[in-house]
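*Asks:* Here it is, the structure in full.
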Amino acid sequence: MRFSRVLSRLCIVLIVATGCTDRSFTPTVPDALEVGKAKTIFGATTREPLPNGTFGPERSDTLRLLELTVSIPPTHSPGQLDFAYAEPNPETQFTMAGRQRLDGMAELNRRIAQELSAYPVGERDITVFVHGFNSTQAETAFRAAQLTNDINIPGATIIYSWPSQGNPLGYAYDGDSVLFARDGLEQLLRNLKPGVSNRVVLVAHSMGSQLVMETMRQMEIKTPGWSSKNLGAVILMSPDLDVEVFRSQMRRIDPVPQPFVVMVSRKDNVLNLSQRLRGTHNRGRLGNLKSLDDVSELPIEVVDTTAYADTAESGHFVAATSPAVLSILNSARQTAAAFDREALSIQRLFPGRLVVDKEDNAVEITLSENYQANVYRGEDR
């Protein structure tokens, strides 16, 4: 009864907070690029198109491809994502400056190749970002632009926009949409042409981690070894995923792509609520993992960001909204070329001055006295 009252109050707060905001449409403002910095975000979506040219929460069997241009405001600070739906201010807010449909995978691959050609050969990664629960397509594009800008990720960025309802009360609908969207993500990944020297980095947040793991699992059943051969890295941020389900999915993926990174926080209140909604309040989700023993035999690296949760804009997305974590990741990316492929995999992704403690298998990334993170390699325990 007590939990029911808590949940009811939470629902009322969410309705009041979002009830006056129409999230279904974000205008295109080309003039925003006169003041903001342009960031190209490619898109693949299984959302149904709307008459106004955007994409809504309904599901579509057709995978549609897009090229979006996001204007990053000159006032932007790392970790912040400020935008508006109806009348954005390009001086202070992320703004959609361009939308263009692409005619099939051949055109998408051609445009990606053009985008990559602006970078040195060793920095031509393709980052595929899969959003989480309660997200619209425009919001996902803004988040991808903010994250890749703040970490200074080189190469091309693609969002896979699955049909989330974009409603805080749409948790069950989104859970079903994750299962619906597996084939579309597989279609995208199988048809990307990164080139011999380029790698595909698959990044997912929250419920999107379930989608990524389910898609990898079904691809491995069809084509054993596909993930390791075609993915340069997998990163799950705050994954809203049952640990036992995750372990069963991982059993199908052999070998596991490296590095395989799971970013967690024990102060993630959204995942705490997810546990209770599922009636599993005594069992944590993968993203708020309490004990490394639950994943100790898996070839993954668990990055604990709990220490940064209190200063992050979102406790459910510390990796994207904590200035300290972003500073670590940004500095790490800038020095990545100093490490060869034989180095510890976490070094290739988050290099810096590393101190490895053989006793407890903790790797301390020390970029300054103020910025530290602990990384645990489950396979070494």
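*Asks:* Being open to solvent by less than 30 Å² (accessible area, probe 1.4 Å) and more than 20 Å from Leu63 (Cα to Cα) is the filter here; which residues of region 99-119 pass it?
*Replies:* Leu116
*Asks:* While we're on this one: Here are some conditions: (1) in contact with an Asp or Glu (Cβ under 8 Å, 6 or more places away or on another chain); (2) closer than 30 Å to Leu241 by Cα. Thr75 meets all but one. Which one does it not meet?
*Replies:* With (1) in contact with an Asp or Glu (Cβ under 8 Å, 6 or more places away or on another chain); (2) closer than 30 Å to Leu241 by Cα applied to Thr75, the lone miss is (2).
Yes/no matrix, rows are residues, columns are (1) modelled with pLDDT of 75 or more; (2) under 19 Å from Val212 (Cβ atoms); (3) open to solvent by less than 20 Å² (accessible area, probe 1.4 Å); (4) outside any loop (DSSP other than H, G, I, E, B):
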site: Met263; (1), (2), (3), (4): yes, yes, yes, yes
site: Leu271; (1), (2), (3), (4): no, yes, yes, yes
site: Val303; (1), (2), (3), (4): yes, yes, yes, yes
site: His316; (1), (2), (3), (4): no, yes, no, no
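*Asks:* Next up: Can you tell me which residue within region 137-177, out of those that are assigned to a loop (DSSP other than H, G, I, E, B) and under 14 Å from the mean Cα position of the chain (by Cα), is surrounded by the most Cβ atoms within 10 Å (Cβ to Cβ)?
*Replies:* The qualifying residue surrounded by the most Cβ atoms within 10 Å (Cβ to Cβ) is Trp162.
*Asks:* Then there's this: Could you list all residues from region 73-98 that are open to solvent by 10 Å² or more (accessible area, probe 1.4 Å) and closer than 14 Å to Arg143 by Cβ?
*Replies:* Once the filter is applied, which keeps residues that are open to solvent by 10 Å² or more (accessible area, probe 1.4 Å) and closer than 14 Å to Arg143 by Cβ, region 73-98 yields His76, Pro78, Gln80, Leu81, Asp82, Phe83, Gln93.
*Asks:* Please enumerate the residues belonging to region 229-253 that are in contact with a Pro (Cβ under 9 Å, 6 or more places away or on another chain), of a type in the set (Val, Ile, Thr) and open to solvent by 30 Å² or more (accessible area, probe 1.4 Å).
*Replies:* If the condition is that a residue be in contact with a Pro (Cβ under 9 Å, 6 or more places away or on another chain), of a type in the set (Val, Ile, Thr) and open to solvent by 30 Å² or more (accessible area, probe 1.4 Å), then no residue fits.
For (1) in contact with a Gly (Cβ under 7 Å, 6 or more places away or on another chain); (2) outside any strand (DSSP E or B); (3) at pLDDT below 95, each residue gets a yes or a no:
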site	(1), (2), (3)
Ser77	no, yes, yes
Gln80	no, yes, yes
Tyr85	no, yes, yes
Pro88	no, yes, yes
Glu91	no, yes, no
Met96	no, no, no
Arg101	no, no, no
Glu107	no, yes, no
Ala118	no, yes, yes
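*Asks:* Where the second residue is assigned to a loop (DSSP other than H, G, I, E, B) and the first is of a type in the set (Lys, Arg) and lies in region 190-216, which pairs have Cβ atoms under 7 Å and are six or more apart or on separate chains?
*Replies:* Every condition considered, the pairs that remain are Arg199/Asp125.
*Asks:* Right, Ser227: out of contact with any Phe, Trp or Tyr (no Cβ under 7 Å at 6 or more places or on another chain), within 26 Å of Pro299 (Cα to Cα) and in contact (Cβ under 8 Å) with a residue 60 or more places away in the chain or not?
*Replies:* The answer is no for Ser227.
Residues checked against (1) modelled with pLDDT of 95 or more; (2) among the polar types (S, T, N, Q):
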{"site": "Asp176", "(1), (2)": "yes, no"}
{"site": "Asn191", "(1), (2)": "yes, yes"}
{"site": "Ser197", "(1), (2)": "no, yes"}
{"site": "Ser206", "(1), (2)": "no, yes"}
{"site": "Gln210", "(1), (2)": "yes, yes"}
{"site": "Glu214", "(1), (2)": "yes, no"}
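*Asks:* Test Gly195 against the stated conditions and say whether it is part of a loop (DSSP other than H, G, I, E, B) and open to solvent by 40 Å² or more (accessible area, probe 1.4 Å).
*Replies:* So Gly195 fits the description; yes.
*Asks:* Look through Thr40, Thr46, Thr18, Thr62 and report the one residue that is at pLDDT 95 or above, surrounded by fewer than 16 Cβ atoms within 10 Å (Cβ to Cβ), under 24 Å from the mean Cα position of the chain (by Cα) and not aliphatic (A, V, I, L, M).
*Replies:* Sole residue among the options that is at pLDDT 95 or above, surrounded by fewer than 16 Cβ atoms within 10 Å (Cβ to Cβ), under 24 Å from the mean Cα position of the chain (by Cα) and not aliphatic (A, V, I, L, M): Thr62.
Here's the yes/no breakdown for (1) within 30 Å of Val121 (Cβ to Cβ); (2) open to solvent by 70 Å² or more (accessible area, probe 1.4 Å); (3) over 19 Å from the mean Cα position of the chain (by Cα):
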position: Asp183; (1), (2), (3): no, yes, no
position: Arg199; (1), (2), (3): yes, no, no
position: His205; (1), (2), (3): yes, no, no
position: Leu211; (1), (2), (3): no, no, no
position: Ser227; (1), (2), (3): yes, no, no
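*Asks:* Does any residue in region 33-44 that is farther than 12 Å from Ala156 by Cβ come within less than 6 Å, Cβ to Cβ, of a residue that is open to solvent by less than 60 Å² (accessible area, probe 1.4 Å) and not in a strand (DSSP E or B) six or more places away or on a different chain, and which pairs are these?
*Replies:* These pairs meet every condition: Val35/Pro90; Gly36/Pro73; Gly36/Pro90; Ala44/Leu188.
*Asks:* If Asn52 satisfies every condition in (1) touching a residue at least 40 places away in the same chain (Cβ under 8 Å); (2) exposed (fewer than 15 other Cβ atoms within 10 Å of the Cβ); (3) not aromatic (Phe, Trp, Tyr) but one, which is the exception?
*Replies:* Going through (1) touching a residue at least 40 places away in the same chain (Cβ under 8 Å); (2) exposed (fewer than 15 other Cβ atoms within 10 Å of the Cβ); (3) not aromatic (Phe, Trp, Tyr) one by one, Asn52 breaks only (1).
*Asks:* Here's a follow-up. In this structure, is Leu81 hydrophobic (A, V, I, L, M, F, W, C) and closer than 21 Å to Pro163 by Cα?
*Replies:* For Leu81, the condition - hydrophobic (A, V, I, L, M, F, W, C) and closer than 21 Å to Pro163 by Cα - is not met.
The values are calculated or read from the model by the stated rules, or taken from the named source; none is laboratory data. None of these values were measured; they are calculated from a predicted model. Every residue, glycine as well, gets a Cβ built from its backbone with ideal geometry; the counts of neighbours run over all protein chains shown. What goes into the accessible areas is simple: the full protein's heavy atoms, side chains included, and nothing from ligands, DNA or RNA. Shrake-Rupley method; radii C 1.70, N 1.55, O 1.52, S 1.80 Å.
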